[in-house]
1. Would you mention how many residues in region 92-126 are in contact (Cβ under 8 Å) with a residue 40 or more places away in the chain, under 30 Å from residue 151 (Cβ atoms) and of a type outside the set (A, V, I, L, M, F, W, C)?
2. Got at least one residue in region 57-76 being closer than 27 Å to residue 30 by Cα and not β-branched (Val, Ile, Thr)?
3. Check whether at least one residue in region 47-54 is more than 18 Å from residue 138 (Cβ to Cβ) and open to solvent by 70 Å² or more (accessible area, probe 1.4 Å), and report yes or no.
4. In this structure, is residue 6 touching a strand residue (DSSP E or B) at 6+ places or on another chain (Cβ under 9 Å) and hydrophobic (A, V, I, L, M, F, W, C)?
5. On the given criteria, is residue 66 surrounded by 12 or more Cβ atoms within 10 Å (Cβ to Cβ), within 16 Å of the ligand (Cβ to nearest atom) and either of a type in the set (Val, Ile, Thr) or over 30 Å from residue 34 (Cα atoms) (or both)?
6. Going by what's in this entry, would residue 91 be described as within 16 Å of the ligand (Cβ to nearest atom) and either open to solvent by 60 Å² or more (accessible area, probe 1.4 Å) or not hydroxyl-bearing (Ser, Thr, Tyr) (or both)?
7. Which residues, taken from region 119-158, are of a type in the set (A, V, I, L, M) and loosely packed, with under 12 Cβ neighbours inside 10 Å?
8. Within region 8-19, can one find any residue that is part of a strand (DSSP E or B) and either of a type in the set (D, E, K, R) or surrounded by 13 or more Cβ atoms within 10 Å (Cβ to Cβ) (or both)?
Amino acid sequence: MIAMLAERMQQPDCAKGVIFDGFPRNPAQADALDEMLRSLGQSLLAVIMLKVDEAALIERVSGRFSCANCGAGYHERFSPPRQSGVCDQCGHTQFTHRPDDNAETMKTRLITYREQTAPIIPYYAERGLLREVDGMADMAVVERAIAAILQAPSGHAA
Ligand SMILES: [Zn+2]
């Protein structure tokens, strides 16, 4: 995995930098990433942490369902069909809940995150790289916050 990343990072389209999404996920990967970056003469400019409210996250994810006919996505609370039980897109009346979207799966993911991924947070915080973004904000707000960090990763104006 690390060897693949190192090779990919040497392609011309990575000359301006790269973003790792959801990586590293544990301390061993964080160490391996550091070593790889050192060998390429590169370094991390910022580590962005999306902060979420776990209970709210479980609620958001567990209420998702989609039209069994056209696949249009809905949420019980946040984006239900205009007419209850009828797909806005195609008028179909049967819906499916993806098994991956249930609350149990999300809880398991959060446990894995706490046990394996959360330990890398102090590692980056101590090096002054950690930037926190409110992951519960509107998507456009989150996007702007991340863009601002990427413009000025050290925390100073570009
Ligand atoms: Zn539909």
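The values are calculated or read from the model by the stated rules, or taken from the named source; none is laboratory data. Values in this document were obtained by computation on a predicted structure and should not be read as measured data. Every residue, glycine as well, gets a Cβ built from its backbone with ideal geometry; the counts of neighbours run over all protein chains shown. Areas reflect the complete protein model, heavy atoms only, side chains present, ligands, DNA and RNA absent. Shrake-Rupley method; radii C 1.70, N 1.55, O 1.52, S 1.80 Å.
1. Going through region 92-126 one residue at a time, the tally reaches 4.
2. Checked region 57-76: at least one residue is closer than 27 Å to residue 30 by Cα and not β-branched (Val, Ile, Thr).
3. For region 47-54, residues more than 18 Å from residue 138 (Cβ to Cβ) and open to solvent by 70 Å² or more (accessible area, probe 1.4 Å): absent.
4. Working: touching a strand residue (DSSP E or B) at 6+ places or on another chain (Cβ under 9 Å): no; hydrophobic (A, V, I, L, M, F, W, C): yes.
Answer is no for this residue.
5. Numbers: surrounded by 12 or more Cβ atoms within 10 Å (Cβ to Cβ): yes; within 16 Å of the ligand (Cβ to nearest atom): yes; either of a type in the set (Val, Ile, Thr) or over 30 Å from residue 34 (Cα atoms) (or both): yes.
Answer is yes for this residue.
6. On the way: within 16 Å of the ligand (Cβ to nearest atom): yes; either open to solvent by 60 Å² or more (accessible area, probe 1.4 Å) or not hydroxyl-bearing (Ser, Thr, Tyr) (or both): yes.
It is true that residue 91 is within 16 Å of the ligand (Cβ to nearest atom) and either open to solvent by 60 Å² or more (accessible area, probe 1.4 Å) or not hydroxyl-bearing (Ser, Thr, Tyr) (or both).
7. Passing the criteria: 139, 140, 147, 157, 158.
8. Kept after step one, since they are part of a strand (DSSP E or B), are these residues of region 8-19: none.
No, region 8-19 contains no residue that is part of a strand (DSSP E or B) and either of a type in the set (D, E, K, R) or surrounded by 13 or more Cβ atoms within 10 Å (Cβ to Cβ) (or both).
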